[in-house]
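Below is one structure, written out as structure tokens; comments come after it.
The values are calculated or read from the model by the stated rules, or taken from the named source; none is laboratory data. Keep in mind that this is a model prediction, so the values were computed, not measured. Here the Cβ positions follow ideal geometry from the backbone for every residue, glycine too, while neighbour counts run over all protein chains shown. Ligands, DNA and RNA are excluded from the accessible area calculation, which covers all protein heavy atoms including side chains. Shrake-Rupley method; radii C 1.70, N 1.55, O 1.52, S 1.80 Å.
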Amino acid sequence: MTLSPPARRRSSLIWRLALVACALIAIAVALALLVQSWVDDALVAGAVAIGVMIPITIAAIRGPLSPMLAMFRALAGTVTSYRDGDFAFSLAWKRNDELGDLVTAHNNLGDTLRQQRVGLVHRELLLDTMVQNTPVAMLLCDPGGHVVYGNLAARKLLGDGRRLDGLRLADILEAAPESLREAVARGGDGLFAVQREDDEEEIFYLARSGFRLNGRPHELFVLRHLTAELRRQEVRTWKKVIRVISHELNNSLAPIASLAHSGGELVKRGKHDQLERVFATIAERARHLEQFILGYAKFAKLPAPRPEDVAWPALVDRLRTQVPFVVDGPLPDGPGRFDLAQVEQALVNLLRNAHESGSSDADVHLRVRRLPTTVAIEVSDRGSGMTEAVLSNALLPFYSTKRDGTGLGLALVREIAEAHGGRVSLANRQGGGVSVTITMPQ
């Protein structure tokens, strides 16, 4: 049978220790006989032999083991250094035995930890460079309200370029614009405007989030300058509005002009019996143009909501007189509090959209749920659903995938929901269709 190298090394060490033990026993017996020849008492001779052999035995065993003991102490020391974050140590052991394998594994571990430490340092430097040079101002505050980190944008915006670390946030805000102080005092995220010396407004977005750092709660404030972005978005929106209005005006006025000319020709020819059809078409195009203009006026002049207590069955009855649908589950017992006319308009828009998706009356559902602090009104259908691009743009004004759509239906729903302090969310349903949820505070 062939032994593996580690097994052969263990066998060799055992044989060496056995030979040392035999040699020591032989020396002890010889020494005992020698002492007995000097004294007659065998017990005394044995005691003398044992007393002499104990230190000799310890020295004989300790001699070969002392390098191993020193290596064990070195290993313990490097483990302590690793625990303290110092990975610069390595060990050397020349023998090809189990301890040598342990030392090699230990050195490989040190190399790996050193490489990971270098990579971590490089990533930290990269992250710090990115955070310091981002145009978004960032402030990190500890539980006592002191700034523990502020990037370059925060120094420029709030500290005139000086470092903010260690300063109290309250002291920094004393010299900041009043609108920023109010935004911080309100809590949560939101927009605020700062008036410049030239009477122009600078728009900022304040976001804040809390997290634990080293076991202590901290709060991160992020200030993003939105003026340029909002202005670009405003220009794009106006261009889109102009294109939509021009398109709708052309679609209505061009046929009207053509029909008016045709009507004049019919009058000249005395074909008065065909004028009724011409006038009916002109009236239909005029009504379409009127509805288009009224839709824009309603969106642009949405009044502030006037909340009132509304019974949910009464709201459902009003909706059913305008569009068919199915109510999912029981309605809440207590009344809701909102502007009845505005919420009714929003739900009519959603229910009509659900029917226009191709869903049958039985597949258009309305569900009202009362949550701990809000009420959720959900309208769902079984149409073809929306693509990711449509979902992300559906709530934007003037965005429409319909050939004759104005892009104001869902935008008006969002305006009404936000005017009530709520929000609108859209999601595709499993099995097909879309679910639109209006969430409002109770």
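Computed quantities for the displayed model
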quantity: Among (1) assigned to a helix (DSSP H, G or I); (2) open to solvent by less than 70 Å² (accessible area, probe 1.4 Å); (3) under 28 Å from R216 (Cβ atoms) - the single one T129 does not satisfy; calculated: (2)
quantity: The one condition in (1) modelled with pLDDT of 85 or more; (2) open to solvent by less than 50 Å² (accessible area, probe 1.4 Å) that G188 fails to fulfil; calculated: (1)
quantity: Unmet requirement for A92, which otherwise passes all of (1) over 30 Å from P67 (Cβ atoms); (2) free of Cβ contacts under 8 Å to residues at least 12 places away in the same chain; calculated: (1)
quantity: Hey, I242 open to solvent by less than 60 Å² (accessible area, probe 1.4 Å), modelled with pLDDT of 70 or more and not hydroxyl-bearing (S, T, Y) or not; calculated: no
quantity: Residue within the range 263-279 that is surrounded by 13 or more Cβ atoms within 10 Å (Cβ to Cβ), under 26 Å from the mean Cα position of the chain (by Cα) and at pLDDT 75 or above present; calculated: no
quantity: Test set (1) farther than 18 Å from R320 by Cα; (2) modelled with pLDDT of 90 or more - L366 fails condition number; calculated: (1)
quantity: Yes/no for D333 being touching a Lys or Arg at 6+ places or on another chain (Cβ under 6 Å) and among the charged types (D, E, K, R); calculated: no
quantity: Leading residue by the ranking (farthest from E308 (Cα to Cα)) among those in the range 332-347 that are outside any helix (DSSP H, G or I) and touching a residue at least 60 places away in the same chain (Cβ under 8 Å); calculated: G336
quantity: Counted residues, the range 294-309 - those being modelled with pLDDT of 75 or more and surrounded by 13 or more Cβ atoms within 10 Å (Cβ to Cβ); calculated: 2
quantity: Verdict on S209 being under 30 Å from A411 (Cα atoms), open to solvent by 40 Å² or more (accessible area, probe 1.4 Å), in a strand (DSSP E or B) and not hydrophobic (A, V, I, L, M, F, W, C); calculated: yes
quantity: In the range 319-353, the residues that are more than 18 Å from V436 (Cβ to Cβ) and either touching a Phe, Trp or Tyr at 6+ places or on another chain (Cβ under 8 Å) or open to solvent by 50 Å² or more (accessible area, probe 1.4 Å) (or both); calculated: R320, T321, P330, L331, P332, D333, P335, R337, A341
quantity: Boolean, A105 is over 22 Å from the mean Cα position of the chain (by Cα), of a type in the set (A, V, I, L, M) and closer than 28 Å to L213 by Cα; calculated: no
quantity: Filter pass, I245 being hydrophobic (A, V, I, L, M, F, W, C), within 30 Å of A283 (Cα to Cα) and out of contact with any Pro (no Cβ under 9 Å at 6 or more places or on another chain); calculated: yes
quantity: Subset of the range 93-105 [touching a helix residue (DSSP H, G or I) at 6+ places or on another chain (Cβ under 9 Å), of a type in the set (A, V, I, L, M) and open to solvent by less than 60 Å² (accessible area, probe 1.4 Å)]; calculated: L99, V103
quantity: Of all residues making up the range 369-379, the number that are more than 10 Å from F325 (Cβ to Cβ) and crowded, with 20+ Cβ neighbours inside 10 Å; calculated: 2
quantity: Yes/no for E248 being open to solvent by less than 60 Å² (accessible area, probe 1.4 Å), at pLDDT 70 or above and either assigned to a helix (DSSP H, G or I) or closer than 30 Å to E201 by Cα (or both); calculated: no
quantity: Residue among L169, L158, L139 that is over 16 Å from S209 (Cβ atoms) and crowded, with 18+ Cβ neighbours inside 10 Å; calculated: L158
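Residue-wise test of (1) open to solvent by less than 60 Å² (accessible area, probe 1.4 Å); (2) at pLDDT below 70; (3) touching a strand residue (DSSP E or B) at 6+ places or on another chain (Cβ under 6 Å).
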site: L43; (1), (2), (3): no, yes, no
site: P64; (1), (2), (3): no, yes, no
site: R73; (1), (2), (3): no, no, no
site: V79; (1), (2), (3): no, no, no
site: L91; (1), (2), (3): yes, no, no
site: N107; (1), (2), (3): yes, no, no
